[in-house]
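The values are calculated or read from the model by the stated rules, or taken from the named source; none is laboratory data. Here the structure is a predicted model, which is why all the values come from computation and not from measurement. Using ideal geometry, Cβ is built from the backbone for each residue, glycine included, and neighbour counts are taken over all protein chains shown. Only protein heavy atoms, including side chains, enter the accessible area calculation; ligands, DNA and RNA are left aside. Shrake-Rupley method; radii C 1.70, N 1.55, O 1.52, S 1.80 Å.
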Amino acid sequence: MTIPFHGRFVPQKNKKGMVIIMKSYRKELTFNTNTRRAFLNITPHIDAALADSGIKEGLCLVNAMNITASVFINDHESGLHSDFERWLEKLAPEKPHSQYDHNGYEDNADAHLKRSVMGREVVVAVTNGKLDFGTWEQIFYGEFDGMRDKRVLVKIIGE
Amino acid sequence: MTIPFHGRFVPQKNKKGMVIIMKSYRKELTFNTNTRRAFLNITPHIDAALADSGIKEGLCLVNAMNITASVFINDHESGLHSDFERWLEKLAPEKPHSQYDHNGYEDNADAHLKRSVMGREVVVAVTNGKLDFGTWEQIFYGEFDGMRDKRVLVKIIGE
Amino acid sequence: MTIPFHGRFVPQKNKKGMVIIMKSYRKELTFNTNTRRAFLNITPHIDAALADSGIKEGLCLVNAMNITASVFINDHESGLHSDFERWLEKLAPEKPHSQYDHNGYEDNADAHLKRSVMGREVVVAVTNGKLDFGTWEQIFYGEFDGMRDKRVLVKIIGE
């Protein structure tokens with residue numbers, strides 16, 4: 001917002017008389033699944049990062065740093081995760097690898113496609129120092145070519 | 001941005017001599033469709049929230065708070081909406097419910113899958129106090145398991 | 001963040017003693033592909049916009065302004081792009097146009113569907129004045145109804 005400037009700065013104050021200025025925070029998380037595909041509920045990690053940041057109002061970006069993985073928001077329910085696995089295999093089957101052109105060095109074309117369906121990132125509102133979630137929203141890391149260290153980025157900006 | 005600090009604060013000023021400070025705004029919208037699936041153009045609601053916020057430059061997040069619904073940007077054209085409905089039913093059919101594992105308490109696995117295709121959220125630029133849209137961009141609420149109250153979150157940060 | 005206010009403003013300072021204030025930046029890019037469908041690596045354009053903005057910490061939104069195009073992050077590898085093309089044609093075939101209802105003025109319903117799979121936008125963290133990317137992340141413009149000028153919006157907010 002803009003506020004009047006009269007030679008000397010009269011800043012915006014909140015209810016406690018505190019001045020509001022933008023802040024940014026960054027954290028990397030690393031995951032290594034023991035299967036090629038997996039869904040991990042990473043909400044506790046994001047909650048901890050937000051608490052660590054001290055940010056009360058703003059936006060929290062969480063994205064896969066690897067292009068064969070996803071970060072998405074859905075339900076923490078094992079039946080649904082089985083449904084996701086079966087459905088994604090139907091939309092973009094892993095095998096035969098020969099059906100794909102992305103085979104020069106890798107056999108993970110299907111993982112790039114699956115990640116496109118599920119998405120790279122989520123942006124979550126931060127309100128009163130908490131992830132501003134509906135009742136069932138949880139943040140998941142979707143791994144589609146695992147069994148090695150892969151990173152997720154958390155970036156929070158706000159005040 | 002950063003500006004020099006010489007003991008006393010000399011803030012950045014805009015053309016009108018106003019100091020620029022970050023602001024945040026939050027609003028919940030509630031929708032209740034009278035069919036299981038529906039697409040609602042919610043752009044007027046988001047325009048109103050933005051005007052209410054007073055924010056001129058920043059980012060506007062609009063997300064479904066429920067995990068069987070979407071917020072997405074596309075065309076306000078009824079033929080296209082029929083195409084979306086038919087296409088999503090082909091990719092992730094509602095019935096038979098028995099094809100899904102997510103059936104302990106609910107029969108809406110297909111809604112979780114459809115929402116994954118269409119996306120949870122949009123982030124829209126705010127420029128000169130307006131949603132910074134291309135010619136045909138409109139924001140839609142995509143309901144995939146309706147006939148009850150469900151919420152959408154609007155969070156705007158900026159100045 | 002909030003800081004104590006004691007009558008006179010004592011602003012937050014970074015290591016160089018500079019006060020931190022929010023900044024915003026906007027740029028439009030225009031692309032015209034010579035085929036109906038194409039994938040363009042637009043990362044150099046976004047790097048240049050970020051450098052031009054002078055923003056060091058924040059969020060960078062890149063979105064298609066047209067609803068038959070995508071902006072997404074994936075791998076700069078031609079075999080994978082062939083896989084994307086073939087896969088999207090399988091999920092949402094262009095022809096026959098008669099299979100779609102969105103035909104009053106246009107024959108591009110498939111482009112709206114393909115763009116829904118690939119996504120409208122990406123939000124990228126900005127850290128130390130750079131796009132905060134994993135090793136292989138690159139930003140692509142996905143065109144699904146080209147051979148005319150179409151725009152992409154870059155909006156960066158931060159400090």
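Among the residues in the range A:27-40, are any among the β-branched types (Val, Ile, Thr), in a strand (DSSP E or B) and open to solvent by 10 Å² or more (accessible area, probe 1.4 Å)? I'd like the intermediate steps shown before the answer.
Keep residues of the range A:27-40 that are among the β-branched types (Val, Ile, Thr), which gives A:30, A:33, A:35.
Next, from what is left, pick out any that are in a strand (DSSP E or B): A:30.
Now narrow it down to the ones that are open to solvent by 10 Å² or more (accessible area, probe 1.4 Å): A:30.
Among the residues of the range A:27-40, at least one is among the β-branched types (Val, Ile, Thr), in a strand (DSSP E or B) and open to solvent by 10 Å² or more (accessible area, probe 1.4 Å), which makes the answer yes.
Among the residues of the range B:150-159, how many are more than 7 Å from chain A (Cβ to nearest Cβ) and over 19 Å from B:Thr43 (Cα atoms)?
Counting residues in the range B:150-159 that are more than 7 Å from chain A (Cβ to nearest Cβ) and over 19 Å from B:Thr43 (Cα atoms) gives 1.
Is at least one residue of the range B:75-84 at the interface with chain A (Cβ under 8 Å from one of its Cβ atoms) and within 18 Å of B:Arg37 (Cβ to Cβ)? Explain how you work it out, then say what you get.
Here is the first cut: in the range B:75-84, the residues at the interface with chain A (Cβ under 8 Å from one of its Cβ atoms) are none.
There is no residue in the range B:75-84 that is at the interface with chain A (Cβ under 8 Å from one of its Cβ atoms) and within 18 Å of B:Arg37 (Cβ to Cβ).
What's the total number of residues in the range A:103-135 that are open to solvent by less than 10 Å² (accessible area, probe 1.4 Å), touching a residue at least 40 places away in the same chain (Cβ under 8 Å) and more than 9 Å from chain B (Cβ to nearest Cβ)?
Residues in the range A:103-135 being open to solvent by less than 10 Å² (accessible area, probe 1.4 Å), touching a residue at least 40 places away in the same chain (Cβ under 8 Å) and more than 9 Å from chain B (Cβ to nearest Cβ): 5 in total.
Scanning for something without any contact (Cβ under 8 Å) to a residue 60 or more places away in the chain and among the polar types (S, T, N, Q), does the range A:68-89 turn up at least one residue?
There is at least one residue in the range A:68-89 that is without any contact (Cβ under 8 Å) to a residue 60 or more places away in the chain and among the polar types (S, T, N, Q).
Please pick out the residue among A:Ile3, A:Ile21, A:Ile46 that is open to solvent by less than 10 Å² (accessible area, probe 1.4 Å) and either at pLDDT below 95 or facing chain C (nearest Cβ under 7 Å) (or both).
Answer to the selection: A:Ile21.
If I go through the range C:77-136 residue by residue, how many of them are of a type in the set (Lys, Arg) and either part of a loop (DSSP other than H, G, I, E, B) or at pLDDT below 95 (or both)?
The number of residues fulfilling the criteria is 2.
For the range B:136-148, indicate whether the set of residues that are facing another protein chain (nearest Cβ under 10 Å) and of a type in the set (Val, Ile, Thr) is non-empty.
So far as the range B:136-148 goes, no, none of its residues is facing another protein chain (nearest Cβ under 10 Å) and of a type in the set (Val, Ile, Thr).
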